[in-house]
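Trainee: One structure, as structure tokens, below. Some questions next.
The values are calculated or read from the model by the stated rules, or taken from the named source; none is laboratory data. Predicted model only: the values in this text are computed from it and were never measured. Counting neighbours? That spans all protein chains shown, and the Cβs are built from the backbone with ideal geometry, glycine included.
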Amino acid sequence: MDVLVINAGSSSLKFQLINPETEKIIIKGHYDRIGGNCFRKITFNNKKIKEDVFLITDYNKAIEDMLDYLVNNNVVNSLEEIKFVGHRVVHGGEKYAHTLEINDDVLKTLDEMSFLAPLHNPINLKCIKTILYKLPNSRNFAIFDTAFHQTMPKEVYLYALPKEIYEKYKIRKYGFHGTSHKFVGNQVAKILNKPLDQLKIITCHLGNGQSICAIKNGKSLDTSMGFTPLSGLPMGTRSGDFDPEIILFLLEHGYSKEDIKQMINKKSGLLGISNISNDHREIEDLSKDGNQIALLTNNILVNRIVKTIGSYISEMNGCDVIVFTGGIGENSPYLRNLVISHFSYVNTFIDANKNDSNNTIISKDDSQIKVMVIPTNEELQIAREVKELL
């Protein structure tokens, strides 16, 4: 039994064909800059191929190209072989706390909930409908970014706004990256050979989008993203948390709603602070060379990560493991060292050699909190969810 996993972002589409029994990845691919100078990266038969595919101007064309690639390169003999498809859906609201099979009622509800994630859910829905049309005999499943965080208690997910705001509009903390946080938390328990329900874990998903999650006894207790993926840490181009009164101030000083929306989503974060790049690798390299604005940008990010981890240690009344994952978390010994250097008060220290080598456990042996680096794999977690439901 193979599962085709579709993971669509705001300008990209990732896919993998996975056997969830063996967890073997048969093929994986990534379409980036859809609607612009699109390119396709494929990993298959131990080969990596990158090609420009400028004619792919929307998600329908990307999925058609993906399915054609699977058949034309003998990954499958025919599309009829693809029986199960798992879709990453960004927002499931309060209604969907678990993976479920997609039917007409689910499609209708997802459409109605698109206002909660207007940049992502309509794209997710479009991809689902295209797959249903192209693979009419397949069974399709929705796996929600928000589902893992539905275990947060009310005192965590409610904002201190008038009660009717929540009741009328369902404005509350939802959290995102749930599939990644769940995968990494499970991997911690597996690697350490300890029951997940006996661990307190802080998972740091750090990349162009960033969030941190407090996982207590296998359940999400708190997470840094909120009603939207904008809140929490500063990200590549997203602002993260700031005083909401600033929005009213800017409106009074000539900024339009669209100006502000673009600014806090596309022109802030690492890019906004540095005015150099949204890519942390470039910020890090310049920091090491003594560039003062790059150093400040990196220090702001480190500060917000440290404060979030520290608050979650208190919230869980302790911590067993801190995990770094995502593009930055998995590949920046420099940032990991700067972050963990703030936790000597809980007798936790980085082992420099292990950190520089990207070992799985990078803390010193006698550290009170283990520090780990675990590559995330949202697509594999989606395949696992489909298998579990079946």
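Trainee: Just wondering, is there one or more residues in the range 363-373 that are assigned to a helix (DSSP H, G or I) and in contact (Cβ under 8 Å) with a residue 12 or more places away in the chain?
Mentor: Kept after step one, since they are assigned to a helix (DSSP H, G or I), are these residues of the range 363-373: none.
No.
Trainee: Any residue in the range 11-24 that is without any contact (Cβ under 8 Å) to a residue 12 or more places away in the chain and surrounded by fewer than 16 Cβ atoms within 10 Å (Cβ to Cβ) sitting within a Cβ distance under 9 Å of a residue that is in a strand (DSSP E or B) and not hydroxyl-bearing (S, T, Y)? List the pairs, counting only those 6 or more apart or interchain.
Mentor: Pairs found: K24/I18.
Trainee: Which condition number does Q381 fail, the rest of (1) touching a residue at least 60 places away in the same chain (Cβ under 8 Å); (2) among the polar types (S, T, N, Q); (3) over 25 Å from I18 (Cα atoms) being met?
Mentor: (3)
Trainee: Moving to a separate point now. Does S287 satisfy the condition of being in a helix (DSSP H, G or I) and closer than 19 Å to N331 by Cβ? Outline the logic, then answer.
Mentor: On the way: in a helix (DSSP H, G or I): yes; closer than 19 Å to N331 by Cβ: yes.
So S287 fits the description; yes.
Trainee: Here is a further query. In this structure, is S224 farther than 30 Å from A97 by Cα and crowded, with 20+ Cβ neighbours inside 10 Å? Let's see the steps before the verdict.
Mentor: Details: farther than 30 Å from A97 by Cα: no; crowded, with 20+ Cβ neighbours inside 10 Å: yes.
No, not satisfied.
Trainee: Another one. Please count how many residues of the range 165-202 are touching a residue at least 60 places away in the same chain (Cβ under 8 Å), crowded, with 24+ Cβ neighbours inside 10 Å and not in a helix (DSSP H, G or I).
Mentor: 4
Trainee: To continue, here is another question. Quick check, is K200 within 23 Å of A97 (Cβ to Cβ) and touching a Gly at 6+ places or on another chain (Cβ under 6 Å)? Reasoning before the result, please.
Mentor: On the way: within 23 Å of A97 (Cβ to Cβ): yes; touching a Gly at 6+ places or on another chain (Cβ under 6 Å): yes.
So K200 passes the test.
Trainee: In the range 91-146, which residue that is within 23 Å of the chain's Cα centre (by Cα) and among the small types (G, A, S) is modelled with the lowest pLDDT?
Mentor: Top of the filtered list is A117.
Trainee: Another question about this same structure. Looking at the range 87-141, which of the residues that are surrounded by 15 or more Cβ atoms within 10 Å (Cβ to Cβ) and of a type in the set (F, W, Y) is farthest from V76 (Cα to Cα)?
Mentor: That would be Y96.
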